[in-house]
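Written below as structure tokens is the structure these notes are about.
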């Protein structure tokens, strides 16, 4: 019996990685992302007023304050995600962001159907927050987006 143990061949070790389970996990994640991506609401439909003004070239990502048709305000600080915001919080957040980035452009865009008074209130809050200049966004004349 001792001889039988010595006569056995030693098997070589495999130095390969089995990637099949990793591919399965990747495909499951791909399907999950494909299903959830259309459900994300990344933007708000705003029907901007039309104008013949020239477009402005910006060096950095601007601070965007947008007002939807129902009067809901949204704030986008630089490259961050758009978030709904109340008038009381708007001045505080924009003031802190502008203190850190003094040359950042600030733009306000409102739906064409909202009252101009709402845009004016936002501009006053931004002025009190220390923003030196505020730009107004518009859509080029004759360039209606399909909804």
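The values are calculated or read from the model by the stated rules, or taken from the named source; none is laboratory data. No experiment lies behind these values; they were computed from the predicted model shown. Cβ atoms come from the backbone with ideal geometry, glycine included; neighbour counts cover every protein chain shown.
All of 87, 137, 123 fail the test of being closer than 23 Å to residue 69 by Cβ, touching a strand residue (DSSP E or B) at 6+ places or on another chain (Cβ under 9 Å) and at pLDDT below 85, apart from 137.
Quick one: would you say residue 71 is touching a helix residue (DSSP H, G or I) at 6+ places or on another chain (Cβ under 8 Å) and loosely packed, with under 12 Cβ neighbours inside 10 Å?
Criteria met by residue 71.
When residues in the stretch 59-89 are screened for being within 16 Å of the chain's Cα centre (by Cα) and in a loop (DSSP other than H, G, I, E, B), 8 of them pass. The single condition among (1) surrounded by fewer than 16 Cβ atoms within 10 Å (Cβ to Cβ); (2) at pLDDT below 85; (3) under 21 Å from the mean Cα position of the chain (by Cα) that residue 92 does not meet is (2). Contact map, the stretch 132-147: residues that are surrounded by 10 or more Cβ atoms within 10 Å (Cβ to Cβ) paired with residues that are outside any loop (DSSP other than H, G, I, E, B) and at pLDDT below 80, Cβ distance under 6 Å, separation 6+ or inter-chain. Pairs shown: 138/51; 139/50; 141/50. Looking only at residues of the stretch 110-131 that are touching a residue at least 40 places away in the same chain (Cβ under 8 Å) and out of contact with any helix residue (DSSP H, G or I) (no Cβ under 9 Å at 6 or more places or on another chain), we find that the one that is farthest from residue 76 (Cα to Cα) is 113.
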